[in-house]
Amino acid sequence: MACTEEPAFLLNLNGLAMKTADGLKAIEYWNEGKRDVLQEYCEVDTQQCTRLALLPTLQLGAGRTLSNYNFGIATALISLRASRDM
């Protein structure tokens, strides 16, 4: 799992809608002058990240959970990377 896939994976594990694109696609939208598409992507991305950040507990898969209030999303992503590398 690549680093860019981890936030989307975390969204999926926690029952939230998947992202509509990734940051690299956002750069393409900008370069192609698709400002309306870029704005929509940014709005959805921000909403999903906010929803994830407000969850009291993050699901990490395989029955593992992490208190979001104590540790947060960054710790969850580190945990996913560590479990992938085992």
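For the chain, count the residues as N, evaluate 2.2 N^0.38 Å, and divide the Cα radius of gyration by that value, please.
The value comes to 1.18.
Whole-Hz Karplus ³J(HN,Hα) for segment 52-65, in order, using 6.51 cos²θ - 1.76 cosθ + 1.60 and θ = phi - 60°, x for Gly and Pro?
So the Karplus estimates, Gly and Pro as x, are 5, 5, 8, 5, x, 9, 9, 7, 10, x, 6, x, 8, 10 Hz.
Using r as the Cβ-Cβ distance of Leu55 and Lys25, and R0 as 22 Å, what FRET efficiency do you calculate, to the nearest 0.05?
With R0 = 22 Å, the Cβ-Cβ based efficiency is 0.30.
Based on alpha-carbon centroids, what's the gap between segment 18-55 and segment 60-86 in Å, whole number please?
A separation of 23 Å, based on Cα centres.
What ranking do 6-16, 59-69 get when scored by the average of other Cβ atoms within 10 Å per residue, highest first?
The peptides rank, most packed first, as 6-16, 59-69.
Helix 72-85: angle to the longest alpha-carbon principal axis of the chain, degrees 0 to 90, nearest 10?
Between helix and principal axis, roughly 80 degrees.
Readers should treat all values here as calculations from the given coordinates under stated rules, not as data from a laboratory. From a predicted model like this one, the values you see are computed outputs, not experimental measurements. Because the Cβ atoms are built from the backbone with ideal geometry, glycine has one as well, and the counts that use them run over all protein chains shown.
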